Amino acid sequence: MKIGILLTNIGTPDAPTKASLRRYLSEFLSDSRVVNFPIKFKFIWWLVLNVVILNTRPKKSAQNYAKIWDRIGIGSPLLSITKLQLQGVKKTLLERHKNLVFEMGMRYGNPSISSALNKLRNQDCERIIVLPLYPQYSNTTTLSTLDVINQVLNNSCAKKPEIIFIENYCYNDDYIQSLTNTVLEHQIKHGKPNKLIISFHGIPQRYIDNGDIYYDHCVGTAKLLAKKLDLNKSDYLFSFQSIFSREPWTKPQTKERLKTLACDGVEHIQVICPGFSADCLETLEEIECENRNYFIQSGGRQFSYIPALNDRDDHIEMLSKLISNYL
């Protein structure tokens, strides 16, 4: 039996241009899993998105993407890294298993999940193992990915392959160990900080109130990492970044943490973002550039970002083992 392996991630614009960002943001912000308002507010959101946001935000976003474009490989860092991850997983698994076919797909932008699924089906894969590269489950990311997969399969008259969908891996021992390894290696080069900030992408608080388990997964990940690093409660802080709208989002916010720490005289901090399997705009521009400047301008002295797991050997091995459980 031929088995397909599909790695997915959030996505990226095709280029750091206003036009590309407009297309990308339109698709991203039109996803009801990402922006989930009651039905009576959906038309209002449509107006806000198409009249205001898509006519103002793409230019600024394009400027931010331009700062990190070609920084890792050629083009989008997220896309470049995901390709390397796919190559690594493919090489590792083909040494141990036969009849495997590999593809990658992005929830928004290119290459799409739809095109990746169709490629696997055209190669007669009877089973497809889908691994969204989101360690912590959220309706805004993981479930949105499953929505697309179901939509593609339900819109086809062809025989449906068996789908094995890996929902999360935030408590996986090898994942926590990989995070631990990257922190320790970073600190060998840059020293130990006064405080380690463990930062996750934020989501609206009402999503958590309505049952999204993302917050619990983030807290659990932070605690496991801190335990593995043998940190005291005073050695680290937990926070959320990338706040988008004015409504209440998950707290505490990373920016507020940075300002408070700097004002309290904390001079040296390091930030790790365990929710990002690959470095991207939110880590390379928002954390490493914008938040670094914010901390220094608030009175801090030394700031360093600990890179995502990307295509580290231990990360590739962890992802491969995770998939192997279903082979």
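The values are calculated or read from the model by the stated rules, or taken from the named source; none is laboratory data. Keep in mind the model is a prediction, meaning the values are calculated, not measured. All Cβ positions, glycine included, derive from the backbone under ideal geometry; neighbour counts span all protein chains shown.
In contact (Cβ under 8 Å) with a residue 40 or more places away in the chain and among the acidic types (Asp, Glu): which single residue out of Glu185, Glu286, Glu256 fits that description?
Glu286
Scan region 121-146 for residues that are in contact with a Ser or Thr (Cβ under 9 Å, 6 or more places away or on another chain) and of a type outside the set (Val, Ile, Thr) and report the count.
9
Can you tell me which residues in region 80-111 are touching a residue at least 24 places away in the same chain (Cβ under 8 Å) and of a type in the set (A, V, I, L, M)?
Ile81, Leu84, Leu86, Val89, Leu93, Leu100, Val101, Met104, Met106
So, in region 146-164, of the ones that are out of contact with any strand residue (DSSP E or B) (no Cβ under 8 Å at 6 or more places or on another chain) and of a type outside the set (D, E, K, R), which residue ends up surrounded by the most Cβ atoms within 10 Å (Cβ to Cβ)?
Val152
If I filter region 241-271 down to residues being closer than 22 Å to Gln297 by Cα and among the polar types (S, T, N, Q), which single residue comes out as surrounded by the fewest Cβ atoms within 10 Å (Cβ to Cβ)?
Across region 241-271, the extreme among qualifying residues is Thr260.
If you go through region 293-316, how many residues are buried (at least 19 other Cβ atoms within 10 Å of the Cβ), over 19 Å from the mean Cα position of the chain (by Cα) and not small (Gly, Ala, Ser)?
Residues that pass the stated criteria total 2.
Checking Gln177 against (1) surrounded by 19 or more Cβ atoms within 10 Å (Cβ to Cβ); (2) under 23 Å from Thr283 (Cα atoms); (3) over 18 Å from the mean Cα position of the chain (by Cα), which test does it fail?
Of (1) surrounded by 19 or more Cβ atoms within 10 Å (Cβ to Cβ); (2) under 23 Å from Thr283 (Cα atoms); (3) over 18 Å from the mean Cα position of the chain (by Cα), only one is false for Gln177: (1).
Can you tell me which residue among Arg107, Arg96 is in the same structural domain as Ser320 (by TED's automatic domain parsing) and either crowded, with 16+ Cβ neighbours inside 10 Å or in contact with a strand residue (DSSP E or B) (Cβ under 8 Å, 6 or more places away or on another chain) (or both)?
Going through Arg107, Arg96 in turn, just one is in the same structural domain as Ser320 (by TED's automatic domain parsing) and either crowded, with 16+ Cβ neighbours inside 10 Å or in contact with a strand residue (DSSP E or B) (Cβ under 8 Å, 6 or more places away or on another chain) (or both): Arg107.
Could you please give the count of residues in region 248-280 that are part of a strand (DSSP E or B) and under 30 Å from Asp313 (Cα atoms)?
Matching residues across region 248-280 total 5.
Being in contact with a Gly (Cβ under 6 Å, 6 or more places away or on another chain) and outside the structural domain of Glu286 (by TED's automatic domain parsing) narrows it down to one residue among Ser115, Ser61, Ser144, Ser80; which is it?
Ser80
If you go through region 289-306, how many residues are part of a helix (DSSP H, G or I) and either touching a residue at least 60 places away in the same chain (Cβ under 8 Å) or in contact with a Phe, Trp or Tyr (Cβ under 8 Å, 6 or more places away or on another chain) (or both)?
5
Name the residues in region 22-49 that are of a type outside the set (A, V, I, L, M) and more than 25 Å from the chain's Cα centre (by Cα), would you?
Pro38, Lys40, Phe41, Lys42, Phe43, Trp46
Within region 272-280, is even one residue of a type in the set (Asp, Glu), touching a residue at least 60 places away in the same chain (Cβ under 8 Å), within 18 Å of His186 (Cβ to Cβ) and surrounded by 23 or more Cβ atoms within 10 Å (Cβ to Cβ)?
Looking for residues that are of a type in the set (Asp, Glu), touching a residue at least 60 places away in the same chain (Cβ under 8 Å), within 18 Å of His186 (Cβ to Cβ) and surrounded by 23 or more Cβ atoms within 10 Å (Cβ to Cβ), one finds at least one in region 272-280, hence yes.
Given the condition in a loop (DSSP other than H, G, I, E, B), exposed (fewer than 13 other Cβ atoms within 10 Å of the Cβ) and basic (Lys, Arg), answer yes or no: does some residue in region 233-240 qualify?
Scanning region 233-240, I find no residue that is in a loop (DSSP other than H, G, I, E, B), exposed (fewer than 13 other Cβ atoms within 10 Å of the Cβ) and basic (Lys, Arg), so the answer is no.
Can you pull out the residues in region 200-232 that are closer than 26 Å to Leu284 by Cβ, assigned to a helix (DSSP H, G or I) and in contact with a helix residue (DSSP H, G or I) (Cβ under 8 Å, 6 or more places away or on another chain)?
Within region 200-232, Tyr207, Tyr214, Tyr215, Thr221, Leu224, Leu225, Ala226, Lys228 qualify.
Output the residues belonging to region 175-199 that are part of a strand (DSSP E or B) and out of contact with any Cys (no Cβ under 7 Å at 6 or more places or on another chain).
Lys195, Leu196, Ile197, Ile198
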